[in-house]
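Engineer: This structure is in structure tokens; I'll ask about it shortly.
The values are calculated or read from the model by the stated rules, or taken from the named source; none is laboratory data. Since we're looking at a predicted model, the values are computed, not measured. Here the Cβ is made from the backbone with ideal geometry for all residues, glycine too, and neighbour counts use every protein chain on show.
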Amino acid sequence: MMAVKEGQQGFGKKLVFWLLPLLFVLLLAVVGSVSLGSAQLSFNMVWKIIFSHLPFVPDMEREWPKAAEVIVWNIRMPRIMMAILVGAALAMAGVAYQGVLRNPLADPYILGVSSGASLGAASFILFGQGLAILGQWTLPLVAFVCGIGTLFIVYRLAYIAGKVQIETLLLSGVVVQAFLGAGLSLIMSISGEKMQQILYWLMGSLTLSDWSSGVAVAPYVIVGWFVIMLFTRELNLLALGEQKAHHLGMNVERTRLIVLLAASLTAGAAVAVSGVIGFVGLIVPHIMRTLVGSDHRVLLPVSAVAGAILLIAADTLARTIMDPQELPIGVITAFLGAPFFGYLLRKRRQRFF
């Protein structure tokens, strides 16, 4: 009993030790991002506008143009909030996928969630514009449903004799992704003038973020985080191996299904509003694991904050590095992530040969 209590105290201290500095860095990232942009607005003006919208701040005299308020409060701030939500969602999903699949090279898209969402979105852009019964929310909904539907197909393909082997699950994901990739190539080959719109969505962007889109995504991120946090003990047991986890009383199949579903719901919601932003779910969990260890009670929350920081930084670069032209955010994360993925691949190869 004393050992358990000491372990819980150690876990709490470790979490606070890493989480507080990361939250401070996140605050600095928000401050820097909201203060930068193509519109030359002074630092004081930017923060006067922000404070004027906070409920606990007394009314102040509005000395700024209406256009400046629109830029700061209706464009930059919703975009930053969306970067926080999407970055946290992708990082949390990455932690969950790597934990449940016991593969440090896994990311939120390994089982085809991204490919399914991409094919659904591209098909809707090309064929379904007249069916936008939910207005601007129709495209994200289609992408989300197709991504989650892909997960169920992959899982069903891998479900053999009442159980799912990790190797079979990964191979099923590869097969389904190949099929969906062929479908996506077909859609793009006949897309004509809509190819640019499809490509921009596939490369990821937070350009169209607004407060309503953030409100729509937040419940998925919060619920996904809560569900995965409920299974941090099981994820820690899985690191010992499936057989040992089973002998310790864990229902491996049930845990795997619930965690994969929660992670895919979270990642699918992020993809639905931002497009395909790769490598966040690969880079962040691996870096944080080397820093804080593999205890998922600590790894999950610190990775969520680190993912938010990374995506804010990437989005700020995307909209300022070639000002006034804006790059898709997926280009920035790919430049960061592809070399890192190569490093991980080489490291794992050297371990086995």
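Engineer: Kindly list the number of the only condition in (1) within 30 Å of MET77 (Cβ to Cβ); (2) at pLDDT 85 or above; (3) among the acidic types (Asp, Glu) that fails for ASP210.
Structural biologist: (2)
Engineer: From the residues in region 25-38 that are in contact with a Lys or Arg (Cβ under 8 Å, 6 or more places away or on another chain) and of a type in the set (Ser, Thr, Tyr), which one is surrounded by the fewest Cβ atoms within 10 Å (Cβ to Cβ)?
Structural biologist: This residue is SER38.
Engineer: Among the hydroxyl-bearing types (Ser, Thr, Tyr), under 22 Å from the mean Cα position of the chain (by Cα) and either at pLDDT 85 or above or at negative phi (or both) - does that describe any residue in region 176-192?
Structural biologist: No - not one qualifying residue is present in region 176-192.
Engineer: Give the residue, chosen from LEU22, LEU41, that is buried (at least 18 other Cβ atoms within 10 Å of the Cβ) and more than 27 Å from GLY307 (Cα to Cα). Before the answer, list the steps.
Structural biologist: Details: LEU22 fails: more than 27 Å from GLY307 (Cα to Cα).
It is LEU41.
Engineer: Could I ask something else about it? How many residues, within region 45-76, are surrounded by 11 or more Cβ atoms within 10 Å (Cβ to Cβ) and outside any loop (DSSP other than H, G, I, E, B)?
Structural biologist: Total meeting the criteria: 17.
Engineer: Here is a further query. Quick check on my filter: what residues within region 160-176 are of a type outside the set (A, V, I, L, M) and farther than 16 Å from VAL259 by Cα?
Structural biologist: So the first thing to find is which residues in region 160-176 are of a type outside the set (A, V, I, L, M), and the list is 162-163, 165, 167-168, 172-173.
Across region 160-176, the qualifying residues are GLY162, GLU167, THR168, SER172, GLY173.
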